Amino acid sequence: MTIRDPAAEDEAGWRRLWAGYLAFYDETLPDAVTAATWARILDPASSVFARLAERDGALVGMTVNVLHDGTWSTAPICYLEDLFVAPEARGGGIGRALIADLVDRGKARGWSRLYCHTRAGNAQARRLYERFVAADDFCRYRLVL
Ligand SMILES: CC(C)(COP(=O)(O)OP(=O)(O)OC[C@H]1O[C@@H](n2cnc3c(N)ncnc32)[C@H](O)[C@@H]1OP(=O)(O)O)[C@@H](O)C(=O)NCCC(=O)NCCS
């Protein structure tokens, strides 16, 4: 299993992972949004980036992330927005490796923080995240505009 940057020819494989991720969240998005997200992932000028896990020539996992500025540090902050491992590839350490990849990258590039959210009831994701750090006590308030 390798973790690498995406390339244009990964679109079909990435879209399969993305569709699985949206289905997991029971979410549907207009194709224009998915297409724009993929375009941002490939655009080196965009703050959105992805990392892909590949095994035996197939894409089996992804992170999609946003690198942003903050007010409490001059160093970039990474928001891990989307993490997904294909159901048939779960339980083998790919999720853990995808997060470790971001940790390594952040240390090498001088990011100040890496963070993510998940649903309180998502036991698998929470167990995985807690291998890296305990959850804090912040609550999320989100206005849809
Ligand atoms: C959460 C997810 C990314 C984990 O990926 P994975 O490749 O299976 O994870 P790993 O094999 O690296 O497992 C790492 C840890 O996750 C937890 N975990 C993985 N599979 C689990 C399962 N079936 N039951 C309970 N915990 C599990 C464990 O803590 C495991 O570590 P351990 O074996 O040392 O206890 C994957 O289940 C997934 O894509 N889920 C749907 C989308 C999602 O929830 N995304 C994250 C929130 S946005």
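The values are calculated or read from the model by the stated rules, or taken from the named source; none is laboratory data. Predicted model, so just to flag it, every value in this text is computed and none were measured. Glycine gets a Cβ as well: all are built from the backbone with ideal geometry, and neighbour counts include every protein chain shown. Areas reflect the complete protein model, heavy atoms only, side chains present, ligands, DNA and RNA absent. Shrake-Rupley method; radii C 1.70, N 1.55, O 1.52, S 1.80 Å.
Do you know which residues across segment 17-56 are charged (D, E, K, R) and in contact (Cβ under 8 Å) with a residue 60 or more places away in the chain?
If the condition is that a residue be charged (D, E, K, R) and in contact (Cβ under 8 Å) with a residue 60 or more places away in the chain, then no residue fits.
On the given criteria, is residue 94 within 26 Å of residue 69 (Cβ to Cβ), open to solvent by less than 40 Å² (accessible area, probe 1.4 Å) and at pLDDT 95 or above?
The answer is no for residue 94.
What tally of residues in segment 113-132 results from selecting those that are more than 10 Å from the ligand (Cβ to nearest atom) and under 17 Å from residue 61 (Cα atoms)?
Number of matching residues: 0.
Taking the condition surrounded by 17 or more Cβ atoms within 10 Å (Cβ to Cβ) and either among the aliphatic types (A, V, I, L, M) or within 7 Å of the ligand (Cβ to nearest atom) (or both), does residue 89 pass?
yes
Out of the residues in segment 67-86 meeting the condition of being open to solvent by 40 Å² or more (accessible area, probe 1.4 Å) and not aromatic (Phe, Trp, Tyr), tell me which one is nearest to the ligand (Cβ to nearest atom).
81
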